[in-house]
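Written out below as structure tokens is the structure these notes cover.
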Amino acid sequence: MIHAVERPQAHAPTHCTPEQYDAMYRASVETPDAFWLEQAQRLDWFTAPTIGGDWAYDPVAIKWFEDGKLNLCHNAVDRHLPEHADTTALIFEPDDPASEDRSLTYGELHREVVRMANALKKLGVGKGDRVTIYMPMILEGAVAMLACARLGAVHSVVFGGFSPEALAGRIEDCGSRFVITADEGLRGGKRVPLKANVDAALNLAAHATPVEGVLVIPHTGGTIDMVEGRDHWLADLASDEDCPCEVMDAEDPLFILYTSGSTGKPKGVLHTTGGYGVWTATTFHYIFDYQPGEVFWCTADIGWVTGHSYVVYGPLFNAATALVFEGVPNYPDHGRFWDVVDKHQVNIIYTAPTAIRALMREGDHHVTSRSRASLRLLGSVGEPINPEAWRWYFDVVGEGRCPVIDTWWQTETGGCMITTLPGAHDMKPGSAGLPFFGVRPQLVDNEGHVLEGANEGNLCITHSWPGQARTVYGDHERFVQTYFSTYVGKYFTGDGCKRDEDGYYWITGRVDDVINVSGHRMGTAEVESALVLHAKVAEAAVVGYPHDIKGQGIYCYVTLNVGEDGSDGLLAELKAHVRKEIGPIATPDIIHFTDGLPKTRSGKIMRRILRKIAENEFGALGDTSTLADPSLVERLIEGRQNR
Ligand code: 6R9
């Protein structure tokens, strides 16, 4: 039995008391339009909206604030100039602690954004164009996103750890004619050849619309090739002339972000301007309880949605000071996070359970040898946080004085959805908490029957909220199929979930063929497609298994073409092959060579059985009588690799 943890006394509630949460939550579900039109006033609109939500889930059409006009770069930057020109907007902490840090005030950020926006204009970027951003975690990554928003261009940030192949697929899918990149990135002392990867990707992409312009930001000074006429250094195109913000409709697209699903290639999840803006501005304000002058640090890369919403947009809409960290938690040693906290006097840190577990394993002294006195609030996101890691975060990192705010959400939700609010709620280690304003979760069984009270089932959301994704870029039918067809009339999250007697939600993990590796979503189908591309592989089935640090590891069952042997050499080759096809985050942890995969007589791979064997839980395999070759299961158990 896990008990609630009282709200730490040191945290003076300011933005939301328990009574305020109750009243506001009630208003948000009883009169959502009025509630959200009021919250919308957090943003500065060129034309204020008069319409709240206009949405339906069957058929699927979602709009919020549709008669409003605004620009989110204006909201993140320009509108703060009268009062906050000299307030620090972004702080950059480099990978190498000996390198120089850097920061931009809102005034300086404005200048940088205008310079980059002018450079993009000269490249030919205009309203509605898709621009791919493939950057390290440097300030110019955020500047690039804001410059796109300023021009009304739709950014598609691709995580710098993705391979040229993965990058090419994403450039192609959205018909992006422009790329913003850097010469190289740095992570944990290693150079990441970003520009060379872009070159390789552009050689791969068999484009209907070829990439016309690549804007390159100098970072490491490493040697790169520049293609005449296509590639340009930022400094050669940037200029300070006036560059007004485009007037955007609330429902004009802001960005595309690719995310893994249970089938097919990654989906380009599309977010629009008004609703996403209101959602990130509002969630940031209440959930992190940000106070003027504080330093907020979200450790996520801008290549993930968490980086979009809480490194860039949410903090900047609130005129906050946000830290951008280029490095990793274990470089140069396992105390780096807390060095950064002390150096920049970070008040709020927002990170992932996988990082917490990795640091916990290294021992408390890396933490206790640093002061951390500035810390006031600890956030968690990306995967379920196990109570042990939660305790360590709360007791050791926060010394029992900082609330742990676990936030459940998804690329598709735009911002946080289920969380406790500091000052308003007790925390329960391992539970994400309660619904944020306007969020109406529902648990259903596999047949779609609604489950009431304390229960466990599949997590759906019954009513739209402003931050909800509007479609899958170029494939609305896939959007409908993926999220609204399993339980017609509801948004299905793909997560399993328990609700306890206090109404707290406990996410149990994905119920589809998506695995969560170190907080990164990975479609097992993607890894399978990468494996079967290898000339020696006949068939592959990929499942997740519990992993101490990563949450889930990648377990691959592989059958080889006739005449091939599952040697150690081939094993290493296949791991390298998947890394090359997708990127290091998809590297298989385990490859299990087998002479067959368990299939039903109709040829369906029985993943349930493969999952059980990978989990080392083969005592309870259930019914295997429908298998075409029941003896195969014995051989698979015999050869299991996770012992
Ligand atoms: C923000 C982000 C979404 C999936 C989601 C769920 C898992 C995220 C969680 C969590 C338990 C939390 N997830 N936060 N599970 N507790 N606090 O991570 O977006 O990359 O799209 O992943 O991550 O399974 O469905 P995304």
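As an equivalent ellipsoid, region 221-346 spans semi-axes of 27, 24, 20 angstrom, where each value is the square root of five times an eigenvalue of the C-alpha gyration tensor, largest first. Proximity of backbone amide H atoms, modeled 1.01 Å from N, is registered between Asp183 and Ile217, His219, Thr220 at under 5 Å, excluding neighbours fewer than 5 places apart on the same chain.
Modelled label positions at Leu204 and Arg102, each set 7 Å beyond Cα in the direction of Cβ, lie 2.9 nm from each other.
Residues whose amide H lies under 5 Å from that of Cys416, counting only those 5 or more places away or on a different chain, are absent; hydrogens are built 1.01 Å from N in the peptide plane. For the chain, the relative contact order works out to 14 percent when only alpha carbon pairs closer than 8 Å and six or more residues apart are counted. Straightening the chain between Asn455 and Ala628 buys 58.6 nm, computed as 0.36 nm per residue apart minus the Cα-Cα spacing. Database remark: amide H of Ala61 closer than 5 angstrom to the amide H of Ala56 (H placed geometrically; neighbours at sequence offset of 5 or more, or on other chains; Pro and chain starts carry no H).
Is the shape of region 15-137 rounded, prolate or oblate, going by the alpha carbon gyration tensor and its root eigenvalues a ≥ b ≥ c, with a/c under 1.5 for rounded and a/b larger than b/c for prolate? It would help to have the intermediate numbers written out before the result.
Numbers: a/c = 2.11, a/b = 1.51, b/c = 1.40.
In terms of gyration-tensor shape, prolate.
Within the chain, what percent of beta bridges assigned by DSSP are antiparallel, to the nearest 5? Walk me through the numbers before you get to the answer.
Working: 62 of 102 bridges.
Expressed as a percentage, antiparallel bridges in the chain total about 60.
Region 558-597 to region 211-242: how many Å between their Cα centroids? Between the Cα centre of region 558-597 and that of region 211-242, the gap is 38 Å.
Give the separation of the Cα centroids, region 416-434 to region 312-370, in Å. Cα centres, region 416-434 to region 312-370: 21 Å.
FRET efficiency for the pair Met226 and Ser369, taken as 1/(1 + (r/R0)^6) with r the Cβ-Cβ distance and R0 = 35 Å, rounds to 0.20.
Please report the relative contact order for region 449-558, taking Cα pairs under 8 Å with a sequence separation of at least 6, and give it as a percent rounded to a whole number.
Details: 154 pairs, mean separation 21.3, N = 110.
Over region 449-558, the number comes to 19 percent.
FRET efficiency for the Ala538 to Thr600 pair, using the beta carbon distance and R₀ = 22 Å, is estimated at 0.75. Here the Karplus relation 6.51 cos²θ - 1.76 cosθ + 1.60, evaluated at θ = phi - 60°, turns the backbone of region 590-599 into coupling constants of 9, 10, 10, 6, 9, 8, x, 10, x, 10 Hz, with x for every Gly and Pro.
Give me the distance in nm between label points sitting 7 Å out from Cα along the Cα-to-Cβ direction at Asp395 and Asn561, one decimal. Between Asp395 and Asn561, the label points sit 5.6 nm apart. Is region 97-137 rounded, prolate or oblate when judged by the Cα gyration tensor, a ≥ b ≥ c being the square roots of its eigenvalues, rounded requiring a/c under 1.5 and prolate requiring a/b larger than b/c? Oblate shape, in that a/c is at least 1.5 and b/c is the bigger or equal ratio.
Go ahead and estimate [θ] at 222 nm for the chain from helices alone: -39,500 (n - 2.57) per DSSP H run with n ≥ 4, summed, over the residue count, rounded to 500. Please list the in-between numbers first.
Details: 20 runs with 181 residues, N = 643.
That calculation yields -8000 deg cm²/dmol at 222 nm.
In this simple spin-label model, placing a label point 7 Å from the Cα along the Cα-to-Cβ direction at both Glu38 and Ala85 gives a separation of 3.5 nm. What the phi angles of region 387-394 give under the Karplus curve with 6.51, -1.76 and 1.60, with θ = phi - 60°, is a coupling list of x, 5, 5, 4, 4, 5, 4, 5 Hz, glycine and proline written as x. Other residues within the sphere of radius under 12 Å centred on the Cβ of Asp231, judged by their own Cβ, net out at -4 (K and R +1, D and E -1).
Rounded to the nearest whole Hz, the Karplus-based 3J(HN,Hα) values (6.51 cos²θ - 1.76 cosθ + 1.60, θ = phi - 60°) of region 258-270 follow the sequence 7, 9, 7, x, 7, 9, x, 7, x, 9, x, 6, 10, with x at glycine and proline. Applying 0.36 nm per residue to the separation of Tyr331 and Ala61 and subtracting their alpha-carbon distance, the gain on full extension is 92.6 nm.
Placing unit charges on the Cβ atoms only, positive for Lys and Arg and negative for Asp and Glu, gives the chain a dipole magnitude near 680 debye about its Cα centre.
Take every Cα pair under 8 Å whose residues are at least 6 apart in sequence, average their separation, divide by the length of region 1-135, and the relative contact order is 13 percent. Compute the Cα gyration tensor for the chain, then decide on rounded, prolate or oblate, letting a ≥ b ≥ c be the square roots of its eigenvalues: rounded whenever a/c is under 1.5, prolate when a/b is larger than b/c in the other cases, and oblate in all that remain. Note, shape of the chain comes out rounded.
Where a number appears in this text, it was derived from the coordinates with a stated rule and is not lab data. This is a predicted model, so every value here is computed, not measured. As a convention, Cβ positions derive from the backbone with ideal geometry for all residues, glycine included, and neighbour counts pool all protein chains shown.
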